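Report on the following structure.
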Amino acid sequence: MSQGQIVAGVLAPHPPHLIYAENPPQNEPRSQGGWDVLRWGYERLRRDLKDHAIDVIVVHSPHWKTVTGTHVLGCPEFSGLSVDPIFPNLFRYHYELTVDVELAQAIVREGAAEGVVMSLMENPDFRVDYGTIISCHLVRPAFDIPIVAISSARTFYDFGNDAGTHEMLALGRATRRAIEASGKRALLLASNSLSHRHFVKEPEVVEDMSREHIYHHGQYLWDMHVIELMKTGRCKQLLDEMPDFIEQATSECKEGSLQWLLGALEVPDYPAEVYGYGSVIGTGNAVIGWHPARGVSA
Ligand SMILES: [Fe+2]
């Protein structure tokens, strides 16, 4: 068996609005569109990923929140109706997905070897969180590749941003080792947004783009700085500045997905590809890909 590899890692944020806007058959509500630039970014990402043969998608989601350690989906299939608790008017999505249980078990083992508290989630009636579903849909709407889904633990909240980042880098290393030993070609998705200060009042027409804009100039400046670091291969600096970014931009990076991804990619020093950036209810969302085989040192 040849060694497995991470074929690409993607920052793949999960606003339900992006699925709502496209009216796929799985989602009940109907819309008139909206958030086009971000959706075009995902379109371009999907075209780019067609060059890769992918055996499994591994996703870390901010919206599967676990109190005791990190959990990993561990049943062969899940199906159900996913309703966004904040936006039930936009997202009532019928999902069916399969899980690579063997790889999930390996990530649990490797994570534990790194000292991370890990559990396999083996309840077949479990309702998969909408962050996992939305990121996977936006990258691969057919759901024709098995996934491994990883929860976000409370370390950032219980022990601080430095401790959280430290743990996520360890979980990323563990994920990489499990993939390499599996012989599989994996696509990794970090499901979080960047800045995350948002509106508290929804417009009457949700997809009215005259109402959509970044909430605060400081949030925009932080997002552009973080994206510039990724574009220029300065992910080590990004990790160093991450605790400030989390606090000053109320960033969804506080759930750890991006740090996990950077750990799995061995903290890239090569440029990332920016597929798109845009605000959704004022939050900053960037679709960004790392392609290790194309990577060159910045
Ligand atoms: Fe979110």
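The values are calculated or read from the model by the stated rules, or taken from the named source; none is laboratory data. Model, not experiment: these values are computed from the prediction. Here the Cβ is made from the backbone with ideal geometry for all residues, glycine too, and neighbour counts use every protein chain on show.
General remarks:
- Cβ-Cβ contacts under 6 Å between residues 6 or more apart (or on different chains), taken from a first residue in the stretch 132-153 that is under 23 Å from MET168 (Cα atoms) to a second residue that is surrounded by fewer than 24 Cβ atoms within 10 Å (Cβ to Cβ) and of a type in the set (Phe, Trp, Tyr), are listed as ILE133/TYR95.
- For LEU262, the conditions (1) more than 16 Å from the ligand (Cβ to nearest atom); (2) buried (at least 18 other Cβ atoms within 10 Å of the Cβ); (3) on the phi < 0 side of the Ramachandran plot; (4) outside any helix (DSSP H, G or I) all hold with the exception of (4).
- The stretch 45-81, subset acidic (Asp, Glu) and assigned to a loop (DSSP other than H, G, I, E, B), residue nearest to ALA104 (Cα to Cα): ASP55
- Every pair of residues 6+ apart whose Cβ atoms lie under 7 Å, when the first sits in the stretch 97-116 and is farther than 17 Å from GLU167 by Cβ while the second is of a type in the set (A, V, I, L, M, F, W, C) and surrounded by fewer than 16 Cβ atoms within 10 Å (Cβ to Cβ): ALA104/LEU120; GLN105/LEU120; ALA106/ALA181
- Test: residue in the stretch 163-178 that is more than 27 Å from ASP51 (Cα to Cα), at pLDDT 95 or above, within 16 Å of the ligand (Cβ to nearest atom) and surrounded by fewer than 24 Cβ atoms within 10 Å (Cβ to Cβ): no
Let's see how each residue does on (1) in contact with a Phe, Trp or Tyr (Cβ under 9 Å, 6 or more places away or on another chain); (2) within 16 Å of VAL7 (Cβ to Cβ); (3) among the basic types (Lys, Arg):
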residue: PRO141; (1), (2), (3): no, no, no
residue: ALA149; (1), (2), (3): yes, no, no
residue: ARG154; (1), (2), (3): no, no, yes
residue: PHE159; (1), (2), (3): no, no, no
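- If you go through the stretch 218-251 and keep only what is farther than 15 Å from ASP162 by Cα, within 16 Å of the ligand (Cβ to nearest atom) and part of a helix (DSSP H, G or I), you end up with GLN219, ASP223.
- Applying the set (1) closer than 20 Å to VAL274 by Cβ; (2) of a type in the set (S, T, N, Q); (3) within 18 Å of the chain's Cα centre (by Cα) to THR232 leaves exactly one unmet item: (3).
- Unique residue being closer than 25 Å to TRP40 by Cβ, outside any loop (DSSP other than H, G, I, E, B) and among the polar types (S, T, N, Q) when the list is SER135, SER119: SER135
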